[in-house]
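The values are calculated or read from the model by the stated rules, or taken from the named source; none is laboratory data. A quick note: this is a predicted structure, and the numbers were derived from the prediction, not measured. Methodologically, a virtual Cβ is constructed for each residue, glycine included, from the backbone with ideal geometry; neighbour enumeration extends over all protein chains shown. Ligands, DNA and RNA are stripped out before the accessible areas are found, and what is left, the full protein with its side chains, is counted by its heavy atoms. Shrake-Rupley method; radii C 1.70, N 1.55, O 1.52, S 1.80 Å.
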Amino acid sequence: MRSGLKTLAETYLRYHDGIETPAPDENDTIDAIIASMTRESETTASRYGHAVRASHAKVSGVVIGELQVPDDLPPELKQGLFAKGGTYPVIVRFAQGPGELLKDSVSTHRGMAIKVLGVEGEKLPGHSAATQDFVLATGPVFPNPDAKGFLGRMKQLEAGTKAPEAVKAAVSGTARAIDTVVKAVTGESSPLLDFFGHEPLHPLAEPYYSQAALRYGDHVAKIAAFPAGSKQEALAGEKLHPGEDPDAFRHAVTAYFGGDTAVFEIRAQLCTNLNDMPVEDASKRWDEAASPYRTVARLVLPAQDSRSEARTRYADDVLSFRPAHALATHRPLGSLMRARLKTYQALSNFRHGRNQIPGTEPTAIEQVPA
């Protein structure tokens, strides 16, 4: 006779097609986001004489390595890409948040994008390559709950693109100072203040999050990468000085990979219920006491030249990192992710078209320049 107690797997929400609840006017909202970000991209392309990414434009390092998936994960974690043990080649990009090539004194949120190669299985419509991307950022949540909220923020960012860089640095510094007070009082950072004024920490010594939800096979989850190397842990909390060095993050990443290996644990936080852990509100933090982040793989990035001219040019002009580059079992979920699916595609098309350099997905790690 079966006990009345739930098994661990049964405590987690089962994925079903009715999990998402799009707003009736969501497509119009997403079209407006694309229009705003395209205008921003037009502004920066005219400024630099070359189109750059509309977000995460300034790369601080591009590295290759391995994603190591163990074969002994529990059933609820043994899903999608992580359903069986194995080792996959990866390309990883570290970058600053803005869609501009600013001095690092404008210390905003930062990103980590992971492209896993050799991934077989059914992909999302429009994606046929054997790759799976995870696009992550500092901060466990996004400042805005959904596409409509982000549209309002995007209009502000679009207007601010034309402002002098000194103004952007001042805004970043002010946001960081206020957030320090907020953290002292509440114990947590303000997602909005952190977005504009993230602490200038070492890029390899802090975690990165998907922020919004994605399908995790039979379940729903958020994904994160946590630094796990001993040297990275020693750097945790150590602040860089971007006011003195306009490329402080790049120099820190280059110096680190000049002689050391970086290790990140890839962890999944499974959703227990949609009331406490919504997929349509990316600004709500999921309770880690109710469902902690649990390790599903190790990302190992050996010492290498992370900033060679050829590799940087390849990452800037050829590669695209998109949530839409995904297995069907890892389909992005929620309003913000649905906006990203369309927006990243449109902006990638703009960047590659303006630069007259076709974007291609790599089929082998050897295609990444040394």
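Some points to look at:
- Residue in the stretch 275-292 that is modelled with pLDDT of 95 or more, surrounded by 23 or more Cβ atoms within 10 Å (Cβ to Cβ) and β-branched (Val, Ile, Thr) present: yes
- Search result, residues across the stretch 247-304 that are in contact with a His (Cβ under 7 Å, 6 or more places away or on another chain) and of a type in the set (Gly, Ala, Ser): 248, 252
- Qualifying residue in the stretch 308-319 (condition: among the acidic types (Asp, Glu) and free of Cβ contacts under 8 Å to residues at least 24 places away in the same chain): yes
- Selection count, the stretch 29-60, where residues are open to solvent by 30 Å² or more (accessible area, probe 1.4 Å), in contact (Cβ under 8 Å) with a residue 12 or more places away in the chain and closer than 13 Å to residue 344 by Cα: 3
- Filter result for residue 87 (among the β-branched types (Val, Ile, Thr) and over 30 Å from residue 366 (Cβ atoms)): no
- The set of residues from the stretch 306-319 being touching a helix residue (DSSP H, G or I) at 6+ places or on another chain (Cβ under 7 Å), open to solvent by 10 Å² or more (accessible area, probe 1.4 Å) and assigned to a loop (DSSP other than H, G, I, E, B) comprises just one member, 307.
- Of all residues in the stretch 234-256 being touching a residue at least 24 places away in the same chain (Cβ under 8 Å) and among the acidic types (Asp, Glu), the one that is most open to solvent (accessible area, probe 1.4 Å): 238
- The lone exception for residue 340 - which of (1) more than 16 Å from residue 36 (Cβ to Cβ); (2) within 14 Å of the chain's Cα centre (by Cα) it fails: (1)
- Among the conditions (1) open to solvent by less than 40 Å² (accessible area, probe 1.4 Å); (2) not in a loop (DSSP other than H, G, I, E, B), the only one that residue 369 does not satisfy is (2).
- Looking only at the stretch 334-366, residues that are surrounded by 23 or more Cβ atoms within 10 Å (Cβ to Cβ) and assigned to a loop (DSSP other than H, G, I, E, B) come to 1 in all.
- Any hit, the stretch 210-233, residues being part of a loop (DSSP other than H, G, I, E, B), open to solvent by 20 Å² or more (accessible area, probe 1.4 Å) and at pLDDT below 95: no
- Qualifying residue in the stretch 115-124 (condition: in contact (Cβ under 8 Å) with a residue 60 or more places away in the chain and within 13 Å of the chain's Cα centre (by Cα)): yes
- Restricting the stretch 159-189 to residues that are farther than 18 Å from residue 103 by Cβ, free of Cβ contacts under 8 Å to residues at least 12 places away in the same chain and not in a helix (DSSP H, G or I), the residue that is least open to solvent (accessible area, probe 1.4 Å): 187
- Taken together, the residues in the stretch 257-274 that are open to solvent by less than 10 Å² (accessible area, probe 1.4 Å) and either in contact with a Cys (Cβ under 9 Å, 6 or more places away or on another chain) or closer than 26 Å to residue 142 by Cβ (or both) amount to 7.
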